[in-house]
Amino acid sequence: MPSTSRNEQDRDASLSARETPLPWGKLTVLLAVRLAEPIGMTLILPFMYQMVGGFDVVKDPKDISFYAGMLLTSFSIFKALTVMHWGILSDRIGRRPVILLGLLGNLLTFVLFGVSKSFKWALVARSLNGMFTGNSVVIKTVVAEISDSTNRPRMMALLPLMWNLGMMLGGAVGGALVDPVAKYPWLFGGSVLFREYPYLLPCLVGSTASFFGLVVGFFQLEETLVIRPSTGSTASVGRPATETTALVLDAQNEEGRDQPAVTERTPSKWAILTPTVIRVLATNTIMCLAIAMHNQIYPIYAATDIADGGLGMDAQSIGYTLTFCGILVVYFQLVMYPILADKYGALACYRRGLLLLALFSTTFPLLSILVKYTGLYTEHIVGFNTANLFSSKVILFWLLLLAQLYVRTLGDILSFASISLLVSNVAPRKTDLGFMNGLQQQTTSITYIIGPLISGYLWSWSIKHSFPYPFNSHFVWVLGGASLVVAWYMSLSIPDSVNIFASEEHEPTQEVASDNASANTLTERTRL
């Protein structure tokens, strides 16, 4: 392990000495695309409860979580349904038009969501937003095409950094700018537009990343797709393979035209699903499902009335807590995780992350009991908009809340970053990395569809009835914690050999495949 790390450091030092300058004109557009997706995911979280509660479709406040879950799920469903098609379309008409079309669609659907006056309108706008966000898969392809072996690691590392920045900015913007007429009457008191559409301003500000990327991309982004004439082989596309294009090319090659009479038999992709690989992917699926439930239910739980088992927080307070988590994510990923992974290994970090998340999930709802029995029944008393902000009870509440969110964020980073490494490590060959990462991404996408629906329905069901613990308002959290304990128990049967990058033992036969596998590995080592 130390020897491997030393070799990687030596190789990185050698490459940095002759690194090709980054093409910032093109890269800026790609970073804008990467920034727009997490902003779109998190921007509505602070005011989602308030927004859905104002629609006519909600007859009982206890049903808000169910409809809020539908909004979140619609984004994930349409992204999952279109992500592969965006990649295929970019292979046919080029990267540039697909990227610009996605940015334009993201911009327009953001505005449409901001002017929603009904649940149906909001649902359609949110679905379209997820559909256009699906084109983010193309940016990995373009990064591979505009980079070389000297600057590809640095360019790949910028993508998860922009993701974390977007996660932080989305919550902050959504919480700070919702209903500006009531919140900032000295500035927006006379605005008829924002009085009629109180959710438009955060959506306008959140869409600036897409607008900026669209403008810069129109003038700076050049087409990177190059198709070379076929020489009798089906592999006529002269560009590095990616997670998307590799799957497409595999499908084309299987149809096989002009194949040589004698070829080397390649094992089926499904043959690499050994018991160890299955256990890694199974624990990943359970973990992602629990985290998807956490992400959905947290803003709902925080905004729900104290009498119904929530915390009674306002949108601005929720936005601040999401910003706090975003700042922690950047620090944990860039500073703390590399140190912990180097010292303990990815598998040990993964197990600790699962335990931390399980601890958070089972103890977090206890905060509602604290709020309920301290006598703080004034609306939003635990938020920032209160005269009792500096009372001892409020300070105690915020210390406990931020401590819990600290544990959750650390658990998220340890789990996500580690499982990305483990999935790459268990791939037997570098040419299997695209398949492994694609399979992980697909299962993760499914959990982000199912998770919000399950948690929204169960939260609504639990607060409607007077069942004892754990079937009261704690039920969703307890269920998430129990599933994480199961994932941790399953991870104990994963051998320590997964800490080693297994595909290093199998050299690819083509230079293009080698470059692509290296890029995919570096992406997964830095992505959440």
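The values are calculated or read from the model by the stated rules, or taken from the named source; none is laboratory data. Note that the structure is predicted; figures quoted are calculated from it, not measured. Quick reminder, even Gly has a Cβ in these numbers, built from the backbone with ideal geometry, and neighbours come from all protein chains shown. We work out accessible area using only protein heavy atoms, side chains counted, and drop any ligands, DNA or RNA first. Shrake-Rupley method; radii C 1.70, N 1.55, O 1.52, S 1.80 Å.
How large, in percent, is the carbon and sulfur part of the accessible surface of region 271-326 at a probe radius of 1.4 Å? Don't skip to the answer; put the middle values down first.
Details: 910 of 1320 Å².
Of the solvent-accessible surface of region 271-326, carbon and sulfur hold 69 percent.
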Subject >> Percentage relative contact order, region 74-137, counting C-alpha pairs under 8 Å, at least six apart >> reply: 58
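Accessible area per residue of region 84-125 at 1.4 Å probe, in Å²?
Working: 1880 Å² over 42 residues.
For region 84-125, the per-residue accessible area is 45 Å².
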Subject >> Debye-sum result for region 267-309 in log10 I(q)/I(0), which assumes one identical scatterer on each alpha carbon, at q = 0.21 Å⁻¹ >> reply: -0.73
**OP:** State which entries of 59/79; 183/372; 372/464; 120/140; 26/140 exceed 24 angstrom in Cα-Cα distance in the structure shown.
**Re:** 59/79; 183/372; 120/140
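Taking a ≥ b ≥ c as the square roots of the Cα gyration tensor eigenvalues, with a/c under 1.5 meaning rounded and otherwise prolate when a/b beats b/c, else oblate, which class fits region 158-216? Intermediate values should be presented prior to the final figure.
Details: a/c = 3.56, a/b = 1.96, b/c = 1.82.
Cα axes put region 158-216 in the prolate bin.
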Original post:
Which of 320, 299, 346 sits farthest toward the positive end of the charge dipole of region 265-356, with +1 on the Cβ of Lys and Arg and -1 on the Cβ of Asp and Glu?
Top reply: 346
**OP:** Just grab the label-to-label distance for residue 186 and residue 457, each label 7 Å out from Cα along the Cβ direction, in nm (one decimal).
**Re:** 4.9
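Mind jotting down a quarter of the surface of the convex hull over the alpha carbons of region 270-349, in square nanometres, one decimal?
On the way: hull surface 31.1 nm².
Taking the Cα atoms of region 270-349, their convex hull projects to 7.8 nm² on average.
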Subject >> region 146-190 pair-distance distribution - Cα-Cα, 10 Å bins, rounded % >> reply: 24, 25, 20, 16, 12, 3
Original post:
Listed highest first by mean packing, meaning other Cβ atoms within 10 Å per residue, what order do 200-211, 358-369 come in?
Top reply: 200-211, 358-369
Subject >> By average C-beta atoms within 10 angstrom, highest first, the peptides 453-459, 393-399 >> reply: 453-459, 393-399
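Could you sort 83-95, 473-485, 37-49 so that the peptide with the highest average Cβ count within 10 Å comes first and the rest follow in order? Don't skip to the answer; put the middle values down first.
Details: 83-95: 17.9, 473-485: 22.2, 37-49: 27.0.
By packing density, highest mean first, the sequence is 37-49, 473-485, 83-95.
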Original post:
How far apart, in nm, are the 7 Å Cα→Cβ label points at residue 118 and residue 85?
Top reply: 2.5
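How much length would be gained if the chain were fully extended between residue 56 and residue 274, taking 0.36 nm per residue of separation minus their Cα-Cα distance, in nm to one decimal? Show your work: numbers first, answer last.
Values: separation 218, 0.36 × 218 = 78.48 nm, distance 5.11 nm.
Extra length available between residue 56 and residue 274 comes to 73.4 nm.
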